[in-house]
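Nothing in this text is a laboratory measurement; each read-out follows from the coordinates by a stated rule. Just so it is clear, the model here is predicted, and its values are computed rather than measured. Cβ placement follows ideal geometry from the backbone for every residue including glycine, while neighbour counts extend to all protein chains displayed.
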Amino acid sequence: MFLFLFCMSILTPVSTFVVGMVMRKHPARDRNWVTGYRSSRSMKSQEAWYHAQKYCAGIWVKGGVAATVISAAVMLGCYRGDYETVSVGVIAVQLVCLCLSVIPVELELRKRF
C-alpha cells in the first residue's frame, strides 16, 4: 500500500513538471479558451498570451521538480508511520500550491502589460 500511495503522492508534481515542459517547448500559439494558461489578462493581446505561456511553464517546471523532491522526502520519512494520512496531506498541499501558481503569473502580466 505504501508504494501505491507514494506513487500517487508524486503524480501531481510529476504531471505539473511534464505539462510545464510541454508548455515551454510548445506553447499555445494563438489565444483560445481550450489550451494554455488562460485568464482575462493573458487574453488581452497576443504578446501577453505568449508571455503568460512561457512564464507559467517556468513556474510549473521549477515547482514540479521542487514538489516532487519534497513530496518524496516526506513520504519516505513517514514510511513506518501513518503514511495514509500524510499522503492525503501531501496531495492537498500540492494542489493548493498548483492553484496558487496563478498569482505570480498574474502579477507578472500586470507589471509587464
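Against the longest principal axis of the chain, how steep is helix 83-100, in degrees 0 to 90 to the nearest 10, with axes from Cα atoms?
Helix 83-100 and the main axis of the chain meet at about 10 degrees.
Say each of residue 4 and residue 34 gets a label point 7 Å from the Cα, pointing the same way as Cα to Cβ; how far apart are those two points in nm?
My value for the distance between the label points is 3.6 nm.
Please provide three numbers in whole Å: the alpha-carbon extents of the stretch 27-85 along the principal axes, with the largest listed first.
Computed over the Cα atoms, the extents are 52, 18, 15 Å.
Could you sort 11-23, 35-47 so that the peptide with the highest average Cβ count within 10 Å comes first and the rest follow in order? Intermediate values should be presented prior to the final figure.
On the way: 11-23: 17.8, 35-47: 15.5.
Put in order of decreasing packing, that is 11-23, 35-47.
Among 17, 81, 34, which residue has its Cα positioned farthest towards the positive end of the charge dipole of the chain, with +1 placed on the Cβ of Lys and Arg, -1 on the Cβ of Asp and Glu, and the dipole taken about the Cα centre?
Value: 34.
Can you give the charge dipole size of the chain about its Cα centre, rounded to the nearest 20 debye, using +1 on the beta carbon of Lys and Arg and -1 on the beta carbon of Asp and Glu?
Working: 13 positive and 6 negative charges, 126 e Å.
Result for the chain is approximately 600 debye, rounded to the nearest 20.
What share of all Cα pairs of the chain, in percent, falls into each consecutive 5 Å distance bin?
2, 13, 21, 18, 15, 11, 8, 6, 4, 1, 0
With each run of n ≥ 4 DSSP H residues scored as -39500 (n - 2.57), what mean residue ellipticity at 222 nm is computed for the chain after dividing by its residue count and rounding to the nearest 500 deg cm²/dmol?
My calculation for the chain gives -26000 deg cm²/dmol from helical runs alone.
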